[in-house]
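Asks: Below you'll find the structure I mean.
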Ligand SMILES: Nc1ncnc2c1ncn2[C@@H]1O[C@H](COP(=O)(O)OP(=O)(O)O)[C@@H](O)[C@H]1O
Ligand SMILES: [Mg+2]
């Protein structure tokens, strides 16, 4: 260690007026788990720490040579002209930070930056390399796995959603086929209505799925938010009753807003439906609207178990679901719908337990539509 130090300090003393600074760097580089090389102002290697030696070859062969000569892997890098980068670093003090950079067979985190003296002048360049091949591969593997799980979940969700209406349709059709002679006209009409309703469910599921891949600008027309919410609540009332729960709507918005009715309807529908699914039997969902100075606000409260703080950030992620047979599409789509109006949707804790979803629809904010109703 002492001879090594003497060797470096000699070199450094010869080249660098601010040898203290460089020596400190040398001592630091010794201790670092990173592979570190430092050069003088002409780009020749001064410091070559043990981690770099273990990776790229012995220090003795490198010290004193131009950096790129000592590191042929950099010279041969097709993704970056390291000669230029080094030049810019030495001339102008330019930094180069590469958080994930392919280098030969490996992936590295690389930093090239100037080493400056106390008066700010560039004394040389410091290169730090960290081999992140392992974690990069691991990350890629996890990403692929998450994706295939997401696709599987989506597939399961779609299958689940489509099988029910198909079963209902085929039962009704069988019944009709066997008894069409003796069924009264009204009963046939009722069966047909039930089948149309099932087909509409499938239609809406497909629309849902299409929306995942679409987006685009909203189709705006002046609407009263209260009318939209009232329609959603009415539509879900039957579902609520069947499970023994209650949905209450307290309308409080009177103004008209330029909105895409179908999208806001679906967003509110998804949020209220989640609330109903969360409360279980005998639960209570309360929906409220109000006109704030700059936005119309829709609040959906439920007295279910609420959402764990760690999950609150994630519920708007595509495919995030905690339900068996859940698709994890409801809230991401709701968010997209609201944001396409320049609005916001957030999830909060309801005072007294349960979840609270708040949707803000601004008076003006959409890029495409009329500014004000
Ligand atoms: N009101 C709520 N109470 C508790 N958890 C909720 C509520 N709304 C949403 N969540 C959670 O957010 C997740 C994502 O919801 P969503 O995107 O609609 O997908 P899905 O309903 O198919 O699971 C749900 O699985 C659930 O864990
Ligand atoms: Mg949902």
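The values are calculated or read from the model by the stated rules, or taken from the named source; none is laboratory data. Everything quoted here is computed from the prediction, not taken from an experiment. Neighbour counts run over all protein chains shown; Cβ positions are idealised from the backbone, glycine included.
Asks: Of all residues in the range 190-240, which are assigned to a loop (DSSP other than H, G, I, E, B) and modelled with pLDDT of 90 or more?
Replies: 220
Asks: Under 6 Å between Cβ atoms, at least 6 apart or on separate chains: pull out the pairs that start in the range 49-62 with a residue that is touching a residue at least 24 places away in the same chain (Cβ under 8 Å) and end on any residue that is part of a helix (DSSP H, G or I).
Replies: As it stands, the answer is 62/70, since those pairs meet every condition given.
Asks: Which residues, counting only those in the range 172-189, are exposed (fewer than 13 other Cβ atoms within 10 Å of the Cβ) and not in a loop (DSSP other than H, G, I, E, B)?
Replies: Selection gives 173, 174, 177, 178, 179, 185, 186, 189.
Asks: Any idea which of (1) part of a strand (DSSP E or B); (2) out of contact with any helix residue (DSSP H, G or I) (no Cβ under 7 Å at 6 or more places or on another chain) is the one residue 114 doesn't satisfy?
Replies: It is condition (2) that residue 114 fails.
Asks: Something else about it: Any residue in the range 352-364 that is within 19 Å of residue 274 (Cα to Cα) sitting within a Cβ distance under 6 Å of a residue that is away from ligand 1 (no atom under 16 Å from the Cβ) and part of a strand (DSSP E or B)? List the pairs, counting only those 6 or more apart or interchain.
Replies: Within 6 Å, the pairs are 360/295; 360/297; 360/344.
Asks: Please note which strands (runs of 3 or more DSSP E) are completely contained in the range 270-350 and include at least 1 residues that are in contact with a helix residue (DSSP H, G or I) (Cβ under 9 Å, 6 or more places away or on another chain), within 13 Å of ligand 2 (Cβ to nearest atom) and within 26 Å of residue 227 (Cα to Cα).
Replies: Strands (runs of 3 or more DSSP E) meeting the threshold: 295-302, 344-349.
Asks: Continuing with this model, one more query. Yes or no: the range 96-109 includes at least one residue that is surrounded by 16 or more Cβ atoms within 10 Å (Cβ to Cβ) and more than 31 Å from the chain's Cα centre (by Cα).
Replies: no
Asks: Residue by residue through the range 241-269, note down the ones that are part of a helix (DSSP H, G or I) and surrounded by fewer than 20 Cβ atoms within 10 Å (Cβ to Cβ). Write out each step before concluding.
Replies: Of the residues in the range 241-269, the ones part of a helix (DSSP H, G or I) are 241-243, 261-269.
Answer for the range 241-269, where residues must be part of a helix (DSSP H, G or I) and surrounded by fewer than 20 Cβ atoms within 10 Å (Cβ to Cβ): 241, 242, 243, 261, 262, 265.
Asks: For the range 52-80, how many residues meet the condition of being touching a helix residue (DSSP H, G or I) at 6+ places or on another chain (Cβ under 9 Å) and in a loop (DSSP other than H, G, I, E, B)?
Replies: So the count comes out to 5.
Asks: Would you call residue 294 more than 11 Å from ligand 1 (Cβ to nearest atom), surrounded by 21 or more Cβ atoms within 10 Å (Cβ to Cβ) and closer than 20 Å to residue 251 by Cβ? Quick ask: steps written out before the conclusion?
Replies: Details: more than 11 Å from ligand 1 (Cβ to nearest atom): yes; surrounded by 21 or more Cβ atoms within 10 Å (Cβ to Cβ): no; closer than 20 Å to residue 251 by Cβ: yes.
When the stated conditions are applied, residue 294 does not pass them.
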